[in-house]
Amino acid sequence: MGSSQTTGDVAGHATLWNINIDTISDLGTLGGNYSYAYAINDAGLIVGTSGTGSADHAFLWNGSAMIDLNSLLSSSGAGWTLDAAYGINDLGQIVGMGQFNSGPELPFLLTPCESCSPIPFSSGVPEPSTWAMMVLGFTSLGFMACRRKSKPALMAA
């Protein structure tokens, strides 16, 4: 999984390398000339990013087709553009980066529902709380690192 150059090095396409049956599969694009696969789960679902011709969009490959994750968002996901998906777990939860109302890049978490297809997404809305918790965590780590640097070192005599 990753990316390979197409014939003549024209573009890079998301690629699935299956060493068990010695095959390499070009996963294609969402209409642009490049794509990259970042993660795969045990069910063989792959996520990544692809050019659409005008922008980058996060994708899900379900074993036979590349699907724009933006097309799976419900109406409660209005305003979001999912640019890249970087991880998928065995529950089908997808993490990545996107933009809300063309603002700065923000992390998102998509959680599947039980009755949707090709991979179920209930609300499909990136959770702002995820971003807030990440910022709080990094701020706390930075504070602790600065605090440790400001303490005088104890020396044994």
Mind checking the full-extension length gain between residue 52 and residue 102? Use 0.36 nm per residue of separation minus the Cα-Cα distance, one decimal, nm. 16.3 nm
Between region 31-56 and region 68-83, what's the alpha-carbon centroid distance in Å? 15 Å
Kirkwood Rh over alpha-carbon pairs of region 44-119, then Stokes-Einstein at 10 °C and 1.306 mPa s: what D in µm² s⁻¹, rounded to an integer? 127 µm²/s
Sorting 56, 22 by accessible area (1.4 Å probe), largest first, what list results? 22, 56
Taking the Cβ of residue 59 as the center, what net charge do the other residues with Cβ under 15 Å away carry, scoring Lys and Arg +1 and Asp and Glu -1? -4
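The values are calculated or read from the model by the stated rules, or taken from the named source; none is laboratory data. No experiment lies behind these values; they were computed from the predicted model shown. Quick reminder, even Gly has a Cβ in these numbers, built from the backbone with ideal geometry, and neighbours come from all protein chains shown. Protein only, heavy atoms only, side chains kept; ligands, DNA and RNA dropped before computing areas. Shrake-Rupley method; radii C 1.70, N 1.55, O 1.52, S 1.80 Å.
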